[in-house]
Amino acid sequence: NGYAGLIERYDLTKPIIAAVDGFALGGGFEIALACDIIIATSRSSFGLPEPLVGAVALGGGVHRLARQIGLKKAMGLVLTAERVDANTGFDLGFVNEVVSTEDLDSRVENWCQRILKCAPLSIAASKQAIMRGLDEPSLEAAMVNQDDYPAFHKWRRSDDAKEGPKAFAEKRAPIWQGH
């Protein structure tokens, strides 16, 4: 589908990183907001300018932005169609790291390597618990219901859930099997 197929993939358990170097406006910003992590260069800017041309950001941007930075901050950006730079995006909380253009690829690789050190099933379960937990009516409900989330359920019963503590006790690096 449009928007790189990301805006309607609510079930992705693999981490998705947006590497932004330049303008992420309208649909580009909506794609970035659909990602789990945003690494942006200092020359990047973000915004939903659709109201300036009589349109509405229909790719989930208005919904994701409010969930990611809070209602009042999102309202301020959306209702004014304001464009913000990467540092402001970092301050608002939707950008994870601001880097130089020259360092973008190496910093994205660094994030990937840090994620890859973790157990794949743990990453999938954690991501799903975060996303589904946001839809629960309370923190208590999220914690009670997380065992019913498919990725969490799979992780809980996996060999990898045993491997991590075992490797720690044996003072060795874990060997993840993904099952």
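The values are calculated or read from the model by the stated rules, or taken from the named source; none is laboratory data. Here the structure is a predicted model, which means the values were calculated and not measured. So basically every Cβ, Gly included, is an ideal-geometry build from the backbone, and we count neighbours across all protein chains shown. When the accessible area is computed, the model is the full protein with side chains, heavy atoms only, and any ligands, DNA or RNA have been set aside. Shrake-Rupley method; radii C 1.70, N 1.55, O 1.52, S 1.80 Å.
Data for the structure
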quantity	calculated
Pairs with Cβ under 8 Å, 6+ apart, first in the range 83-95 and closer than 15 Å to residue 61 by Cα and in contact (Cβ under 8 Å) with a residue 40 or more places away in the chain, second among the aromatic types (Phe, Trp, Tyr) and surrounded by 16 or more Cβ atoms within 10 Å (Cβ to Cβ)	83/46; 89/46; 94/46; 95/46
Candidate set: the range 129-179, residues that are among the small types (Gly, Ala, Ser) and closer than 23 Å to residue 68 by Cβ; chosen: the one surrounded by the fewest Cβ atoms within 10 Å (Cβ to Cβ)	138
Any pair with Cβ under 8 angstrom, 6 or more apart, that starts in the range 1-29 at a residue that is closer than 18 Å to residue 48 by Cα and modelled with pLDDT of 95 or more and ends at one that is in a loop (DSSP other than H, G, I, E, B) and open to solvent by 50 Å² or more (accessible area, probe 1.4 Å)	21/43; 22/43
Residue among 104, 71, 6 that is within 26 Å of residue 133 (Cα to Cα), out of contact with any Lys or Arg (no Cβ under 6 Å at 6 or more places or on another chain) and crowded, with 16+ Cβ neighbours inside 10 Å	6
Residue, nearest to residue 155 (Cα to Cα), within the range 107-128, restricted to residues that are open to solvent by 70 Å² or more (accessible area, probe 1.4 Å) and not basic (Lys, Arg)	120
Listing of helices (runs of 4 or more DSSP H) fully contained in the range 64-119 that carry 1 or more residues being more than 18 Å from the chain's Cα centre (by Cα), at pLDDT 95 or above and hydrophobic (A, V, I, L, M, F, W, C)	71-80
